Each structure stands twice: as C-alpha cells, then as structure tokens.
1. Given the condition without any contact (Cβ under 8 Å) to a residue 60 or more places away in the chain, open to solvent by 30 Å² or more (accessible area, probe 1.4 Å) and within 23 Å of the chain's Cα centre (by Cα), answer yes or no: does some residue in segment 194-216 qualify?
2. Taking segment 320-346 only, how many residues are in a helix (DSSP H, G or I) and farther than 20 Å from L273 by Cα?
3. Would you check which residues across segment 172-204 are at pLDDT 95 or above and aliphatic (A, V, I, L, M) and list them?
4. Inside segment 309-318, can you point out the residues that are open to solvent by less than 30 Å² (accessible area, probe 1.4 Å) and within 23 Å of the chain's Cα centre (by Cα)?
5. Out of the residues in segment 351-388 meeting the condition of being small (G, A, S) and in a loop (DSSP other than H, G, I, E, B), tell me which one is nearest to the chain's Cα centre (by Cα).
6. Which residue pairs have Cβ atoms closer than 7 Å, lie 6 or more positions apart in sequence or on different chains, and pair a first residue in segment 305-321 that is without any contact (Cβ under 8 Å) to a residue 24 or more places away in the chain with a second residue that is surrounded by 24 or more Cβ atoms within 10 Å (Cβ to Cβ)?
7. Name the residues in segment 1-23 that are at pLDDT 95 or above and either loosely packed, with under 11 Cβ neighbours inside 10 Å or of a type outside the set (A, V, I, L, M) (or both), would you?
8. Show me the helices (runs of 4 or more DSSP H) found entirely inside segment 205-283 where at least 2 residues are modelled with pLDDT of 95 or more, in contact with a strand residue (DSSP E or B) (Cβ under 8 Å, 6 or more places away or on another chain) and farther than 14 Å from P309 by Cβ.
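The values are calculated or read from the model by the stated rules, or taken from the named source; none is laboratory data. Fair warning: this is a prediction, and the values are worked out from it, not measured in the lab. Every residue, glycine among them, receives a Cβ derived from its backbone with ideal geometry; neighbour counts consider all protein chains shown. Heavy atoms of the whole protein, side chains included, go into the accessibility calculation; ligands, DNA and RNA do not. Shrake-Rupley method; radii C 1.70, N 1.55, O 1.52, S 1.80 Å.
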Amino acid sequence: MCALLVTTNPPHQQDRELRVRTLDAGAYRSFLAAHGRASFLQYPSWAEVKDQWRAETVGWELPSGETAGAALVLYRQFPGTRKYFAYLPEGPVADWSDPDVDRWLEPLVRHLRRQGAFAVRIGPTPAYRRWDAATIKAATGPGRQVSDVLATEVDPMGAALADRLRSRGWKRCGGEDDGDAQPRHVFRVPLAGRSLDDLWSGLNQEWRRNIRKAGKSGVQTVVGTAADLPEFYRLLRITEERDGFRLGRSLAYYERQYAALNAEEPGRMRLYLATYQGEILAAHTMIVAGKRVWYQTGASADHRREVRPSNALQWRMMCDAHGLGADEYDMRGVPSTLDPEERSFGLMRWKLGTGGHVVETLGEWEIPMAGPANHALYRAFQAYLARR
C-alpha cells in the first residue's frame, strides 16, 4: 500500500508564489511604464530590431493577479532542430533584491522549457562595482585592468546575486574582464539631483575647453531625421576603420531600429548631428526609455576634428537628457584596459572626461536546461556561435 503525503505551504508563502505566463503587448508596456527603469533592450520594439529572433513578452504573476516582474524573451532557433536558445537582454525586469532568487528563476526556466528552449541567457540589472573617474585616472598604467583597481563602491545586492546564481549552476558569460553580447563595463553620468551647472563643472578642463572651442568655431548641433541615417552610417564606417573596430551592422539595421523604436514612442531613438560650414562632421544616436537615457553609437569624420564636433554633440545630448528628467546618462561600453598604450584605451579616456563613473555590471549568465540532450545542444550552439 502506498501513502500519498500532501503538504501545503504556509499562507504567507503561498501569497508570494509566482508563476510565469505570456503577457499581451498592452499589459507588458503598462508594467514597463510603471517600473520606469527597464533597459531599452527589454521594450517590445527591440524584438522588431532583432528580426532573426522570435519574441515573447512574459510576466511573473502573484496569486492576486498582480504582475510582479516582466521580460522580453528572444528565441533563436538552433539550425535543423525545433529547439531554441532563449535570451533576455538586460532582463528580466525583476526584484533582484529578493533573496529568494529561485522564486523568480525556477518558474522562468519551466516556462522557457515548455516553449522549446534548450538553454537560457539572462542579463540581471544590478551593478556589481563602481569606480569614480578620479580613481580610474589615477590607476592607469602598463598592463593595468579595471579589475586590478579597488572599487570606489561595491553593490552588496549585485555581489550577493552573483553568488546565488553561481551556486545554482549559472555561468557568467565572457571573460572575467569583458562581457559577451552586452558590455560588462559601462560608463554612466549621474543626472538626478544635479543642475546643468553641476554637469558642466563635472566635466574636466579638456572637455570644457573643447566644447567652448566648438561653439566659437561655429559648430551647430541639431536633431536629425531618418533621412540622415545614410550619412550617419557613412561616418560610422570611417570611424570603425580609424579606431580599429567593427560593429558588423548594416545601414538597414539602423533604419529598422530607428523606425521600430520611434513607432513605439516618438523620440525614443534620436539622431544628433554636428555640422560645420554646412557639412556633417559627427553623428551620434541616443535612446530614451522611462527615466533612463543611453548614448548608443557615435561616428565622426577624419577631417576638421580640431573643431571638436563630438564633444559638442555629447554636451548637447547630456543637456537634453537632463531636460527630459532622466536619472542618468549611460554612455554604454568602455574597455577593461587601463593601459594608455592600448588602442582601445582612447575610448575610456574620452568618456572619463565627462566626470561620470565606470560601472561593472553583473554581466550575462547562462544555463542549459536539464537533460543530456539539452546539454549537448547547448555545447553545439556555443560551437556554432564561435564559428560565425
């Protein structure tokens, strides 16, 4: 004879249980609007940009019916199978301060597995460590890395969450110093509680001098339109060649991004232009979502750099972000190197001049679904991506 033992959770624990379900677009957008801090990569418009991925918007629902968290999930099909790699870029939008991380991750993994996922990658949003500009400047030297420097601030929530993820079998993507799909180290300029005079005084002398020079030289900064994207892209290719990097994106990609983001909300993606004597010398893109603003991509010509069009553009964008009531101006990725002889250090040096801080994000984390078949597909998928 077999006996069935039934246990029930305490009422307070039942009230905290979460289940993941598909959310319609309206409910999903309402949650993001109320939250106000979600990354632009978690907005539905980003799924339209990533046209080779299938998308789903999901929510964590309490027994009361209240939505406690949400995520945009992108599914990439593994060639020749009906299985998918699930990716939540800079998501989910969840309460990462909750010490019961299983309460959030276990229903997510169950849902994704039902959807045919063989593995999942998430991008938890808490910061890990921060360094102010003065600390980073003082630490530069041959062979030095950001990770070699004692942080100005360590976020205890981020550190605790990293430990919890590791103990549950999640693996951090990329190396210890750099990220993978999204940058591990980013540069952020705080705006909340600061006046424009505060922002100006936070710039270093070189930045203030260059902005003044641009103004005296007659550089004009304007907001462009979709019609200016081909010129932006031409300058981007020049910048890639000059600075030794390749983003690998087409003009069609930026046109699709501009159309999708602005269809979702006018002004979500903006193209800023610096002109001099009727010629566009620099073009930068900016993205606005909730209380956050990002400088996404910058491009500039090889000539007339002495009139400092990029400094003028960044100052205009910072002022506009401040005027929109943003909490911070996120300048996106910076390299991990602090070696002035490294070519990539130039980007770090340029952003340091704004007086913000380097932030090491928690990074992206992956885990395969249970079962030998899923583990085998996960290894094969990693090899497939490495060959692309």
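1. Looking through segment 194-216, none of the residues is without any contact (Cβ under 8 Å) to a residue 60 or more places away in the chain, open to solvent by 30 Å² or more (accessible area, probe 1.4 Å) and within 23 Å of the chain's Cα centre (by Cα).
2. Number of matching residues: 2.
3. Hits for segment 172-204 are V186, V189, L191, A192, L196, L199, L203.
4. Answer for segment 309-318, where residues must be open to solvent by less than 30 Å² (accessible area, probe 1.4 Å) and within 23 Å of the chain's Cα centre (by Cα): S310, N311, L313, Q314, M317, M318.
5. If we take residues in segment 351-388 being small (G, A, S) and in a loop (DSSP other than H, G, I, E, B), then G363 is nearest to the chain's Cα centre (by Cα).
6. Once the first residue is without any contact (Cβ under 8 Å) to a residue 24 or more places away in the chain and sits in segment 305-321, no partner that is surrounded by 24 or more Cβ atoms within 10 Å (Cβ to Cβ) comes close enough.
7. R19, R21, T22
8. Here the list reads 229-243, 251-264.
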